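Enquirer: Next up is a structure, given as structure tokens.
The values are calculated or read from the model by the stated rules, or taken from the named source; none is laboratory data. Treat the numbers as computed from the prediction; the structure is a model and nothing was measured. Positions of Cβ are backbone-derived with ideal geometry, glycine not excepted, and every protein chain shown enters the neighbour counts. Heads up: the accessible areas ignore ligands, DNA and RNA and are worked out on the full protein's heavy atoms, side chains in. Shrake-Rupley method; radii C 1.70, N 1.55, O 1.52, S 1.80 Å.
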Amino acid sequence: MKIGLSSNGKDLDSTLDLRFGRCSYFIIYDIEKSDFESIENKGLTSEGGAGIAASQQLIDENVDVIITGKLGPNAFNIINKADIKVFKSEAISIKDAIEKYKKGELLELKESGPAHHGM
Amino acid sequence: MNIAVLSGKGGTGKTTVSTNLALALKSNYVDCDVEEPNGFLFLKPKIDEVEKVLVDYPYIDSNKCISCGSCVNACQFNALAKVNNDIMLFEKLCHSCGACEIACNHGALKYKKRKTGTIEKGKSKDINCARGVLDIGEPMAVPIINKLLDNLLEGLNIIDCPPGTSCNVVNALKYANGAILVTEPTKFGLHDLDMAVEVVKMFNIDYGIIINKDDGKENIIRKYCKENNIKIIGAIPYSKDIAEIYSKGEILYDDLNQKYIFDELAERIKKVIAWS
């Protein structure tokens, strides 16, 4: 099972970026293998539709779960349609966010935040 | 001949200058600040022509679409996404570029039209007035601005531009033979004026500055113009009377105590901007 986390940096000690579409990196964490990789967020450099570009990237990475701070309406619609579950986290380390998720301490995000929040 | 009125900073007086100068010069008034066109609040023209602005957007024929995702890869504006063997469309992000239609090898993608705004035309005090109005919730102003400026009348057009230095302003400047930059003697006014000057320079057209809310002193705007060798067309004084007339939605040019300001500016413009 793979988790996609919005991140300020490329490793597990980085801080979770509360913005989804405009975060710098995504950490893709594989729970079974306890392994991860980091990818640059394509949404960061897009002029518009950052949340859509970021969502498409995580869908193509076949993640089952996303952990972030907030989702805009467009990203929310895509991710909902892709049957990916989204959990809300504070700006803590990626490592801690994964631990909290494993313990079931993160709340599921069931509605979108306002548009253009991360601009 | 088309003169663009722009500012960088918002609220410096583009519309005040544009509406009153249009009356002083007996020119056409064109409001292309389509996100908030407020020139008509002052000129109050009788509108006798309303036209819809339509833009293209892709329509996917689900009988022909095999969800290959070629259209998603071709789109540079993130208007399409592929999810669970389905293509999702975000029509407001579409720039109508046509790439998705070309990329689709299955003839599943065609363009349809949808309305994103209107063009309104009318007359006020014997001058022709036109404006574009972007529909609420629509993000893209450029198609409205283009439609408005592609259909300019002959003669002199004063083009009231949007604030800032974004695509919308750059697009309006493409149609201009000269530019008036309206500013105010504040740090914000100066900062954004400097950016607007950089944009106008790219177009190689004559331009000059009008200082609004001017204190008449050797202020930061005058200093900037002197240092950068930029011509000052004139100034509108910092005055309670002017603010009062403006706040009632009235025209300064109709007030006998203010009319001369714009008559003088009109004369000066002809000396700063090559007249044709």
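Enquirer: So which helices (runs of 4 or more DSSP H) are wholly in the range A:14-119 and hold at least 1 residues that are open to solvent by 80 Å² or more (accessible area, probe 1.4 Å) and within 14 Å of chain B (Cβ to nearest Cβ)?
Expert: The qualifying helices (runs of 4 or more DSSP H) are A:50-60, A:73-81.
Enquirer: To continue, here is another question. Report yes if residue B:227 is free of Cβ contacts under 8 Å to residues at least 24 places away in the same chain and out of contact with any Cys (no Cβ under 7 Å at 6 or more places or on another chain), otherwise no.
Expert: Yes, satisfied.
Residues checked against (1) in the same structural domain as residue B:155 (by the TED database); (2) modelled with pLDDT under 95; (3) touching a strand residue (DSSP E or B) at 6+ places or on another chain (Cβ under 9 Å); (4) not in a strand (DSSP E or B):
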{"site": "B:33", "(1), (2), (3), (4)": "yes, no, yes, yes"}
{"site": "B:37", "(1), (2), (3), (4)": "yes, no, yes, yes"}
{"site": "B:41", "(1), (2), (3), (4)": "yes, no, no, yes"}
{"site": "B:67", "(1), (2), (3), (4)": "no, yes, yes, yes"}
{"site": "B:82", "(1), (2), (3), (4)": "no, yes, yes, no"}
{"site": "B:88", "(1), (2), (3), (4)": "no, yes, yes, no"}
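Enquirer: Can you tell me which residue is most open to solvent (accessible area, probe 1.4 Å) among those in the range B:81-90 that are at the interface with chain A (Cβ under 9 Å from one of its Cβ atoms) and more than 17 Å from residue A:43 (Cβ to Cβ)?
Expert: B:84
Enquirer: Give the residues of the range B:145-171 that are within 21 Å of residue B:191 (Cα to Cα) and either in contact (Cβ under 8 Å) with a residue 60 or more places away in the chain or assigned to a helix (DSSP H, G or I) (or both), sorted by residue number.
Expert: B:160, B:161, B:162, B:163, B:164, B:165, B:167, B:168, B:169, B:170, listed by residue number.
Enquirer: Let me ask something else. Please state which one of B:93, B:109 is surrounded by 15 or more Cβ atoms within 10 Å (Cβ to Cβ), more than 9 Å from chain A (Cβ to nearest Cβ) and modelled with pLDDT under 95.
Expert: Among B:93, B:109, only B:109 is surrounded by 15 or more Cβ atoms within 10 Å (Cβ to Cβ), more than 9 Å from chain A (Cβ to nearest Cβ) and modelled with pLDDT under 95.
Enquirer: Restricting to the range B:232-249, what's the tally of residues that are in a loop (DSSP other than H, G, I, E, B) and either open to solvent by less than 90 Å² (accessible area, probe 1.4 Å) or modelled with pLDDT under 95 (or both)?
Expert: Qualifying residue count for the region: 2.
Enquirer: Does the range B:121-132 contain any residue that is of a type outside the set (Gly, Ala, Ser), assigned by the TED database to the domain that holds residue B:26, within 25 Å of the chain's Cα centre (by Cα) and open to solvent by less than 40 Å² (accessible area, probe 1.4 Å)?
Expert: yes
Enquirer: Within the range A:2-11, is even one residue within 13 Å of chain B (Cβ to nearest Cβ) and either crowded, with 18+ Cβ neighbours inside 10 Å or not in a strand (DSSP E or B) (or both)?
Expert: no
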